[in-house]
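Asker: Attaching a single structure in C-alpha cells format; questions to follow.
The values are calculated or read from the model by the stated rules, or taken from the named source; none is laboratory data. Just so it is clear, the structure is predicted and the values come from calculations on it, not from any experiment. Here the Cβ positions follow ideal geometry from the backbone for every residue, glycine too, while neighbour counts run over all protein chains shown.
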Amino acid sequence: MTKILAISGSLRRESFNTAILKTLGEGLEGVDFEIFPLADVPLYDQDLDTATPPAAVAALRQAIRAADGLIVSSPEYNYGISGVLKNALDWASRPYGQSALNRKPVMTLTASPAFTGGARAQASLHETLFAVGARPLARAQIVVALVHEKIKDGRLVDDATLGFLKAGAADLMKEIARLKVAVEA
Ligand SMILES: Cc1cc2nc3c(=O)[nH]c(=O)nc-3n(C[C@H](O)[C@H](O)[C@H](O)COP(=O)(O)O)c2cc1C
C-alpha cells in the first residue's frame, strides 16, 4: 500500500489546512494516510541537532523517511509559509546530505480566506523544497481560495475543490510509481 504522510503548517485547532488534509485523506483509496502533528517539534537549534535529536524531530524524520510521498499544506503568513512549517522542514533537511526529504515526491497546497489562496506562500514552499532536494510535483499550483466558505464542521465541503485536490493526489501517486520503476530498473 502506498504510504502518504501529510503535514499541515497550521497548529490551529480548527485549521482550514488541517481540515482539508483530513478530508482529502479520507477520500483516498488504497493509501495508508497519516497526518504528522507538528505541535511538539521544538524550534530549530543547531546545538540540539546532534546524533540524538529531540524525540519529535526523530519521529518527524522517521515518518518522512518511511513515506512514499508527502502532501504538505500551508497557510500563507505575510506572503510566506508558516514559521511552524518552515521550522519542521529545516529540521527534516538535516543532517546535510542525508535529509529524509531528499528525492521525496511532494504535493503542495495552500489555503487562505483571501482570493489569492496563499499562492505566494506556495511559491516560497517550492523554493524550500527544491533547496532540500525534495521533488514538488511539476503541475499547476493547488490553491484553495475563500477557504472559510468551503469548510463546514471541520470538513471540506466544496466538491470542485475536492476534485482538484484528488487530481493532485493522483499526480502524486503517478510520480511515486514512476520513481519506483526508475529505482528498480
Ligand atoms: C500572522 C498571519 C499572517 C497572515 N498573512 C496572510 C497573507 O499574507 N495572505 C493570506 O492570504 N492570508 C494571511 N493570513 C490569513 C490566513 O491565511 C488565515 O488565518 C488562515 O485561515 C490560516 O490557516 P489555517 O486556517 O489552516 O490556520 C494571515 C494570518 C496570520 C495569523
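Asker: Could you please find all residues in the stretch 73-92 being more than 16 Å from the ligand (Cβ to nearest atom) and buried (at least 21 other Cβ atoms within 10 Å of the Cβ)?
Answerer: Within the stretch 73-92, the subset more than 16 Å from the ligand (Cβ to nearest atom) is 89-92.
Once the filter is applied, which keeps residues that are more than 16 Å from the ligand (Cβ to nearest atom) and buried (at least 21 other Cβ atoms within 10 Å of the Cβ), the stretch 73-92 yields Leu89, Trp91, Ala92.
Asker: Does any residue of the stretch 103-124 turn out to be small (Gly, Ala, Ser), within 16 Å of the ligand (Cβ to nearest atom) and touching a helix residue (DSSP H, G or I) at 6+ places or on another chain (Cβ under 7 Å)? If you could, list the steps in order and put the result at the bottom.
Answerer: Step one: filter the stretch 103-124 for residues small (Gly, Ala, Ser), giving 111-112, 114, 117-119, 121, 123-124.
Filter again for within 16 Å of the ligand (Cβ to nearest atom), leaving 111-112, 114, 117-119, 121, 123-124.
Add one more test, that the residue is touching a helix residue (DSSP H, G or I) at 6+ places or on another chain (Cβ under 7 Å), and what stays is 111-112.
Within the stretch 103-124, one or more residues are small (Gly, Ala, Ser), within 16 Å of the ligand (Cβ to nearest atom) and touching a helix residue (DSSP H, G or I) at 6+ places or on another chain (Cβ under 7 Å).
Asker: If I go through the stretch 125-145 residue by residue, how many of them are within 14 Å of the ligand (Cβ to nearest atom) and within 14 Å of the chain's Cα centre (by Cα)?
Answerer: The number of residues fulfilling the criteria is 3.
Asker: Still on this structure, I have one more. Go through the stretch 1-42 and give me each residue that's within 12 Å of the ligand (Cβ to nearest atom) and hydroxyl-bearing (Ser, Thr, Tyr).
Answerer: Ser8, Ser10, Ser15, Thr18
Asker: Identify, by number, the condition in (1) more than 16 Å from the ligand (Cβ to nearest atom); (2) touching a residue at least 24 places away in the same chain (Cβ under 8 Å); (3) surrounded by fewer than 18 Cβ atoms within 10 Å (Cβ to Cβ); (4) not charged (D, E, K, R) that Gly69 doesn't meet.
Answerer: Unmet condition: (3).
Asker: Would you check if there is a residue in the stretch 168-175 being within 20 Å of Phe16 (Cβ to Cβ) and within 13 Å of the ligand (Cβ to nearest atom)?
Answerer: Looking only at the stretch 168-175, we keep the residues that are within 20 Å of Phe16 (Cβ to Cβ), and these are 168-169.
Within this subset, residues satisfying the condition of being within 13 Å of the ligand (Cβ to nearest atom) are none.
The answer is no, given that none of the residues of the stretch 168-175 is within 20 Å of Phe16 (Cβ to Cβ) and within 13 Å of the ligand (Cβ to nearest atom).
Asker: On the given criteria, is Ser124 in contact with a strand residue (DSSP E or B) (Cβ under 6 Å, 6 or more places away or on another chain), surrounded by fewer than 20 Cβ atoms within 10 Å (Cβ to Cβ), farther than 28 Å from Val183 by Cβ and not aromatic (Phe, Trp, Tyr)?
Answerer: Values: in contact with a strand residue (DSSP E or B) (Cβ under 6 Å, 6 or more places away or on another chain): yes; surrounded by fewer than 20 Cβ atoms within 10 Å (Cβ to Cβ): yes; farther than 28 Å from Val183 by Cβ: yes; not aromatic (Phe, Trp, Tyr): yes.
Yes: the conditions hold for Ser124.
Asker: Would you confirm, using the coordinates I've provided, whether Ile64 is modelled with pLDDT of 95 or more, hydrophobic (A, V, I, L, M, F, W, C) and in contact with a Gly (Cβ under 9 Å, 6 or more places away or on another chain)?
Answerer: Values: modelled with pLDDT of 95 or more: yes; hydrophobic (A, V, I, L, M, F, W, C): yes; in contact with a Gly (Cβ under 9 Å, 6 or more places away or on another chain): no.
The answer is no for Ile64.
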